[in-house]
Amino acid sequence: MRALYDGIVATRLLDLQPVSPSAKQAFLDGRSADHLPKALRACWERVVHRVDPHGCEHTDVVVHADVRRRRETLGRWMQQLPHALATVDHELARRHHLLVFADVDGVVLHRRCRGWIAELADTTQIIDGSIWDEGRKGTNAIGTGLVEQRPIAVHGEAHYASRYHAFTCYAAPVFDLRGELLGVLDATSVADRRESLGWLAVLAATQELERLVRSTMSAGTGLLPLPAVERLLARFPGPAALLGPRGNVRAASEQAQSTQHGLRDIRSCWRQIRQAVSAGSSELSLEGGGTLHLEPFTDADGQLLEVAVFWDGSAPRRSVAVTRPGATDSFAPFFSSDPTLVDLCARARSLAATELPLTLLSETGTGKELLAQAIHDASDRASGPFVPLNCGAIAPGLLESELFGYAPGAFTGAAPGGRAGWLAEADGGTLFLDEVADMPPRLQVALLRFLDSGTYHRVGEQRLRRADVRVVAATSRDLSSMVAAGEFRPDLYYRICAAVLKLPPLRERADLLEFAERLLDEVCTEAGVQRVELSPEAARAVVAFRWPGNVRQLRYALMHAVAMCGSEGEIGPRHLPEFIGETTPEGSSREDATRRALMKALRLEGWNIAAAARTLGVARSTVYRMMERLGVSKPSSP
């Protein structure tokens, strides 16, 4: 199997080229940004009010104990990283490049270089423990690569801070088995030694690291070793590939890589593949003929890890709409005897028959996407696609091109054929915009225009396009307060809030214990274990806890309890996660309860945000928002 550079480079590379001093000065003076490439302008706009372009003389460096803790958080994979990079280390050092791995906070945890480039790195403070996030260093390959979460090259004067104009840097993000960002790998040299080797070496090393991550994390998941998967793919007569949870290629047969319509077209169907897998379908029919046979692999939590894709038939162009084979009643997943939720489902069922834009308001983890899917399945659009898009999970600079698509050559690194965008994918169906409050102001205007006229422009294109899409929005934030504070457009607010459904938080449901027992049945079935019961003490603890992460957090807590209970047959308080022991004293506010649960999870997980998010059963972005809202910050190291 040969390297998969072509598919990665063609669709994902963000290549930031140098610009003239006059163009940069015009940008800094606020006179004009017209002479800047769009991608570079978007990157600079993120940092223009945060970083002095003529500063950055000082580099923040964390203490050695914090570096050690961060390495320990990454575990055995981090210990194996130097060995995995040995070959590329040697080649890059021979060509006067330094190789760096930084974690999700931009903290350098591994550096390899020698000779005069090592001296230059020391002078510039590219050292273990140095912090290279955008907020401190401006546009740079490490920090910007972490924000964009795609391969990036930053050459010379494309660096926002003039101190780094002498460098050319290549970086690529590294993800774990579940698609969570682990950090970024960076190769840096001086700008006058710019060559393609640095870029290719970073791609090769990133691919090797993700293979290492897979082998390290896959124990107990039931996944086949990658060499065995490659042998199986090779035996299939047509193109075949193994895709990760971001649509990234982990392995592909020679035929998939060498045919005209192979790997690239399989990857272009990723959204439809993901939708079909979520719907429980093992096949995806393609327009123009042909079928993709799908074999998904999930972890014990039901989270998608990989999909093996076998392409049987002619070249795929665009996949047909895939619908979820729902139950007779699409709202059946909301089994509940809680009067508020029963009434909400009745209202949702009535509104599903209309074309009104809907907004779902609720705390994180209450099941907003599940409700949006049920509304879609109960509507006249059920035969069309249901397309979910989380506005808070995509960098603001990328959200417009993701939503509306872009024309061929719209920006550096754009796919040669352009991209349709999620709005086009949802044509004839429903677009679910989660965390709509995180949508930047410029995009709010474009969305309002689409809702009013049904028309839109792709990025970099003048042609007016049309899509027949119903929009269902959702947020866990207070939109009306954001409108009053000038943070959300009032005209868009009134447009998307034509009908509002408020999902009750778990702690306010009258059927909390009944719901927990039903959920426990599901967890035991999914885990393949005999049904266990909640002891009276454990049941009281479940009812007393405030559940800031709502249903998602309860599910994770019950999964933890089932695993800890083993063969004992009954779940006691000692089997529940430790944070559940913190009940809310009488008179305490919801904010106090949320703060206690958040602090408990952060301390238990050593202030690892991703681990704390899993403990709470919420998204990592939600933990950051909770910390900001509640004024929680990591204590400084002694």
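What to note about this one:
- All of GLY367, GLY418 fail the test of being over 25 Å from LEU448 (Cβ atoms) and not hydroxyl-bearing (Ser, Thr, Tyr), apart from GLY367.
- Residue among LEU181, LEU185 that alone is surrounded by 20 or more Cβ atoms within 10 Å (Cβ to Cβ) and either at negative phi or touching a Gly at 6+ places or on another chain (Cβ under 9 Å) (or both): LEU185
- Considering residues of segment 465-478 that are in a loop (DSSP other than H, G, I, E, B) and among the small types (Gly, Ala, Ser) only, the residue surrounded by the fewest Cβ atoms within 10 Å (Cβ to Cβ): ALA467
- In segment 479-499, residue surrounded by the most Cβ atoms within 10 Å (Cβ to Cβ) [restricted to those that are without any contact (Cβ under 8 Å) to a residue 60 or more places away in the chain and assigned to a loop (DSSP other than H, G, I, E, B)]: PHE488
- Options VAL100, VAL104, VAL154: the member that is of a type outside the set (Gly, Ala, Ser), buried (at least 23 other Cβ atoms within 10 Å of the Cβ) and within 18 Å of VAL61 (Cα to Cα): VAL100
- Subset tally (residues that are more than 20 Å from the chain's Cα centre (by Cα) and outside any helix (DSSP H, G or I)) for segment 366-404: 8
- All positions within segment 300-323 that are at negative phi and modelled with pLDDT under 75: ALA300, ASP301, SER314, ALA315, PRO316, ARG317, ARG318, SER319, VAL320, ALA321, VAL322, THR323
- Residues in segment 327-337 include at least one that is in contact with an Asp or Glu (Cβ under 8 Å, 6 or more places away or on another chain) and either hydrophobic (A, V, I, L, M, F, W, C) or exposed (fewer than 14 other Cβ atoms within 10 Å of the Cβ) (or both).
- Pairs where the first residue, in segment 96-110, is over 18 Å from LYS634 (Cβ atoms) and the second is in a loop (DSSP other than H, G, I, E, B), C-beta under 6 Å, 6+ apart: LEU98/CYS113; VAL108/ASP128
- Each residue in segment 164-182 was checked for being part of a loop (DSSP other than H, G, I, E, B) and closer than 27 Å to THR123 by Cβ, and 2 pass.
Yes/no per residue for (1) in the same structural domain as MET439 (by TED's automatic domain parsing); (2) touching a Cys at 6+ places or on another chain (Cβ under 9 Å); (3) in contact (Cβ under 8 Å) with a residue 60 or more places away in the chain; (4) more than 23 Å from LEU447 (Cα to Cα):
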position: GLY365; (1), (2), (3), (4): yes, no, yes, yes
position: HIS376; (1), (2), (3), (4): yes, no, yes, no
position: ARG381; (1), (2), (3), (4): yes, no, yes, no
position: PRO385; (1), (2), (3), (4): yes, no, yes, no
position: PRO388; (1), (2), (3), (4): yes, no, no, no
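- Odd one out for GLY428, checked against (1) assigned to a loop (DSSP other than H, G, I, E, B); (2) more than 26 Å from ALA382 (Cα to Cα); (3) in contact with a Pro (Cβ under 8 Å, 6 or more places away or on another chain): (2)
- Residues that are at pLDDT 85 or above and surrounded by 14 or more Cβ atoms within 10 Å (Cβ to Cβ), drawn from segment 524-536: VAL532, LEU534, SER535
- Residue selection: GLU425 satisfies the criterion of being of a type in the set (Asp, Glu), touching a residue at least 60 places away in the same chain (Cβ under 8 Å) and either crowded, with 19+ Cβ neighbours inside 10 Å or in contact with a His (Cβ under 9 Å, 6 or more places away or on another chain) (or both).
- In segment 111-129, the residues that are without any contact (Cβ under 8 Å) to a residue 40 or more places away in the chain and either surrounded by fewer than 23 Cβ atoms within 10 Å (Cβ to Cβ) or of a type in the set (Lys, Arg) (or both): ARG111, ARG112, ARG114, GLY115, TRP116, ALA118, GLU119, ASP122, THR123
- Taking the numbered list (1) closer than 21 Å to GLN272 by Cβ; (2) in contact with a strand residue (DSSP E or B) (Cβ under 7 Å, 6 or more places away or on another chain); (3) assigned to a loop (DSSP other than H, G, I, E, B) in turn, LEU423 passes all entries but (3).
The values are calculated or read from the model by the stated rules, or taken from the named source; none is laboratory data. Small disclaimer: the values here were computed from a predicted structure and weren't measured. Positions of Cβ are backbone-derived with ideal geometry, glycine not excepted, and every protein chain shown enters the neighbour counts.
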